[in-house]
Structure formats: C-alpha cells, structure tokens
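Colleague: Let me give you the structure first, and then I'll get to my questions.
Each reported figure results from applying straightforward, stated rules to the coordinates on display, with no laboratory input. Because the structure is a prediction, the values reported are computed rather than measured. When we count neighbours, we look across all protein chains shown, and the Cβ atoms used for this are built from the backbone with ideal geometry, even at glycine.
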Amino acid sequence: MDQTKVSRILEKMKEQGMPQMIISDPPAIYYLTGKWIHPGERLLALYLNVNGDHKLVINKLFPQEKDLGVELVWYDDVEDAVEILSRFVEKDKPIGIDKTWPARFLLRLQELKAGSEFRNGSLIVDYVRMVKDEHEQQLMREASLANDKVMEQVIPLVVKGYTEKELDAKVRALYAESGHSGVSFDPITAYGKSGADPHHATDDTKGKRGDSVVIDIGGILNDYCSDMTRTVFIGEVSDKAREVYEVVKEAQRRGIEAAKPGNRMCDVDLACRNYITEKGYGEYFTHRTGHSIGMEDHEYGDVSSVNEDIIQVGQVFSIEPGIYLMDEGIGVRIEDLVLITEDGCEVLNHFTKDLIVVPEE
C-alpha cells in the first residue's frame, strides 16, 4: 500500500475518533494499493485500524500476483465473507463504513455485532483523495492535454452531417485511438435546442446552420480522468448567441480567478453565478459551477453555492458555468479543469475559448 496515503487516512481517523474502518470502494482501494479489483457482487473489504494490522478480505477468484503491502485474507464462494471479516473487527469500538458497501454486507456485520457503533467513514477517504499529490497532479495535466487534442479533432466533425449519436461514436473512437482506456463519462454532443438541456442524452438530431453545439467530453488516461466543454457554432452565430457566449466566457474567467487557496468553493460558484445574474441570465444557469475530479469524473467536493469548504492546494475541480435558453434553442457551456496552486490555480486545459464558428462544407 501507499504508506503516505494510508498515513493521511489513519491520521484523520484518529482526529475523528474512528479507530477502525472498512473501505470497499474499488477506486479507493486502487488509490491505496495501486491495484484495480472489481469484485462484482462479492465482498471486497480493506480493513484499516489505527493500531495497524490492516487486512484485505478478498475472494479467491481474484488472485494477486504482486505484493499489495497488506495481508490478504482469502475466502471462497461457500464461506461467509462478512463473518471472516468480523473476526478482525474490534467489537467494543466504533467502526467506519464507506458509502459504497452494499447493505447486505453491513446488515450482516451488524447482526454479528462487530463494532460498537457504525459510522459513515466515507468523508475521511474522500477528503484525502480530494488533495492530489505531485504524481497525481502530473497525471491530471497529461490527461487534460490529451483531452485538448481530442477536442481539436472533434470540433471539425460538427459540420459533417453526423447525428448526435454518430458524433458520440466518433468521440469514443478518438479516445480509443489516442491511448485512452475509455471515456470518463458518457459524452455530450448536443446540437441547437439539445444543447439547451444541460445533461441531454444523445439522440438522432442533426445540426443545422446557426446551431450552437455543446461538446462535453472526457477520457481516462493512466487511470485519471479528464473533462472539458466547448461550445461552437455551425456556419454562423446570431447576435443573441454571441452575447450569451461572451457572458459565459467572462463568468468562467471570473470563476477561475476566484479559484485559489483560502477562498471557499462557494466563492468560485458565486463569482460565476453573480456575473451571469448581473447580465440578466441568472435563472438560466441551472446547475452548480463544477465538481472535483481525479480517478473518477465526479469526486467529493462540488463547486456550489452551499459548499463552504476552504479550497486547498492540490485540489482539482471543474469550472463550467452555462446558460440554457430552451425557447431560443441556445445552449452555451464552457468548462476547464483547474489545479489549485500556492498562489492561485493552474488551468489544465489549453484549447482556445475564443468563439468558434465552424464553416459549413
């Protein structure tokens, strides 16, 4: 296991009076061990104790060839895996359980009275994962630079006559061709009125002259996610759409300016939201400004008006304000990822945010 990361988690466990914890979320286990294990419906549990003697309870169907730095406790399909796990739990002390552990396992552990109290331990791991170390920061840079290149290839395709579903397929192919292991979320490739729906599901719509095209894409590179959005226009752009675009662009610039250590996450949201409201479009900015990202596209720590957490050096999150005018068929969103530095933030995406009109063929 990565002892530095484990030590950070153990320290937070001590601070919160949580002497022991069960971690079952595969990304969290990968974060600590460097190994992806996808157990399906079977139990996978990393047991941590502030006094040491950690265990990884794992089914024999998942043999491990390398030393994961933790004692492995094996079970097979005819054994009671939770009972085996309960043997290591200090029954007279509280235990933290993470958010993804299925209820069937937790209820069984409670039946066995393994632990004096059951607490939500997720935030401990989430807060540690939220601050990226130098290696993770570099992986996030590389993933975002690769995403810039995919975006550069996607934009010319919006005038090729593809449906949204066909453009979606092209996006996925570009990630596969460029060494990504997959997409970090289902791409959004939305023409015109579809782009005025912030989380539109791709359909058979085709773009037409004057449409805004919202392209929200991201890939997984070396186990870390990218995510960015650009909005471009087919053939021409109306005065109204140009105005909306420039408002969103300036709002995003203000959000980036507010993304610095010592500020609150809500300060970033409000920097974007207040400007959009000032320009008369407040009711059309219908979602939070962003989300944390790393091994998963959406990690703990959102950029919203109610999150008063203090921004820390090493955090990575998106800043993605948008304006959605369904009646006028105009949707605009601009998104970058930022890495918080000692004196501000580093914008991880470098693809232009100047308004782009893609000439029709």
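Colleague: How much length is gained on full extension from D309 to V50, taking 0.36 nm per residue of separation minus their Cα-Cα distance?
Modeller: Values: separation 259, 0.36 × 259 = 93.24 nm, distance 2.60 nm.
Contour length minus Cα-Cα distance gives 90.6 nm.
Colleague: Mind listing which GluC sites (Glu not before Pro) in the range 273-339 are in a DSSP loop and have 16 or fewer other Cβ atoms within 10 Å?
Modeller: Passing sites in the range 273-339 are E308.
Colleague: With a 10 Å cut-off between alpha carbons and a GNM built on the chain, which of K193, K113, K66 moves the most?
Modeller: Per the Cα network of the chain with a 10 Å cutoff, K66 tops the list.
Colleague: Among the DSSP beta bridges whose two residues both lie in the chain, what percent are antiparallel, rounded to the nearest 5?
Modeller: On the way: 41 of 54 bridges.
In the chain, approximately 75 percent of DSSP beta bridges are antiparallel ones.
Colleague: Return P(r) of the chain (all Cα-Cα pairs; 10 Å bins starting at 0; whole %; ordered from short to long distances).
Modeller: Calculated over all Cα pairs of the chain, the distribution is 5, 23, 27, 22, 15, 7, 1, 0 percent.
Colleague: So which aspartates and glutamates can K35 reach, going by Cα to Cα under 13 Å and dropping same-chain residues fewer than 8 places off?
Modeller: D2, D25, E65, D67, D223
Colleague: Also: Which of the pairs K66/K91; K208/K249; K14/K93; K99/K260 have their Cα atoms more than 21 Å apart in this structure?
Modeller: Numbers: K66/K91 32 Å; K208/K249 23 Å; K14/K93 13 Å; K99/K260 29 Å.
With Cα atoms farther than 21 Å apart: K66/K91; K208/K249; K99/K260.
Colleague: If amide hydrogens are placed 1.01 Å from N in the peptide plane, which non-local residues have theirs closer than 5 Å to the one on F185?
Modeller: G218
Colleague: If the only charges are +1 at each Lys and Arg Cβ and -1 at each Asp and Glu Cβ, what is the size of the charge dipole of the range 3-129 around the Cα centre, to the nearest 20 debye? Before the final figure, lay out each step's value.
Modeller: Numbers: 18 positive and 19 negative charges, 72 e Å.
It works out to roughly 340 debye.
Colleague: Counting only other residues whose beta carbon sits under 10 Å from that of G121, what net charge do I get with K and R as +1, D and E as -1?
Modeller: +1
Colleague: Tell me which of I95, L221, G161 sits at the most positive position along the dipole axis of the chain, charges placed on C-beta atoms (Lys, Arg +1; Asp, Glu -1).
Modeller: I95
Colleague: May I ask for the net charge around L355, where only other residues with Cβ less than 9 Å from the Cβ of L355 are counted and Lys, Arg are +1 while Asp, Glu are -1? Present the calculation step by step, with values, prior to reporting the outcome.
Modeller: On the way: positive: R242, K249, K353; negative: E246, D354.
In short, +1.
Colleague: Provide, in order from the shortest bin, the percent of all Cα-Cα pairs of the range 41-199 in each 10 Å bin, continuing until the bin that contains the maximum pair distance.
Modeller: 8, 25, 22, 20, 18, 7, 0
Colleague: With r as the distance between the Cβ atoms of D92 and A201 and R0 = 56 Å, compute the FRET efficiency 1/(1 + (r/R0)^6) and round to 0.05. Kindly include the intermediate steps, with their values, before the conclusion.
Modeller: On the way: r = 50 Å, r/R0 = 0.90.
Computed FRET efficiency for A201 and D92: 0.65.
Colleague: Let me ask you something else. Name the chymotrypsin sites (Phe, Trp or Tyr not before Pro) in the range 1-105 that are in a loop by DSSP and that have at most 14 other C-beta atoms within 10 Å, would you? Provide the component values of the computation, followed by the final result.
Modeller: On the way: sites: Y30, Y31, W36, Y47, W74, Y75, F88, F105; in loops: W36, F88.
In loop regions of the range 1-105 (DSSP not H, G, I, E or B), the sparsely surrounded chymotrypsin sites (Phe, Trp or Tyr not before Pro) are W36.
Colleague: When the dipole is taken about the Cα centre of the chain, and only Lys, Arg (+1) and Asp, Glu (-1) are charged at their Cβ, what size is it in debye, to the nearest 20?
Modeller: Details: 42 positive and 65 negative charges, 75 e Å.
Once rounded to the nearest 20, the dipole reads 360 debye.
Colleague: For every helix of n ≥ 4 consecutive DSSP H residues, a contribution of -39,500 (n - 2.57) applies; sum these over the chain, divide by its total residues, and give [θ] at 222 nm rounded to the nearest 500 deg cm²/dmol. Intermediate values should be presented prior to the final figure.
Modeller: On the way: 9 runs with 114 residues, N = 361.
Calculated mean residue ellipticity at 222 nm is -10000 deg cm²/dmol.
Colleague: Quick one: what are the phi-derived ³J(HN,Hα) couplings along the range 38-52, Karplus 6.51/-1.76/1.60 with θ = phi - 60°, whole Hz, x for glycine and proline?
Modeller: Result, ordered by residue: 10, x, x, 7, 7, 6, 9, 9, 9, 9, 10, 10, 4, 8, x Hz.
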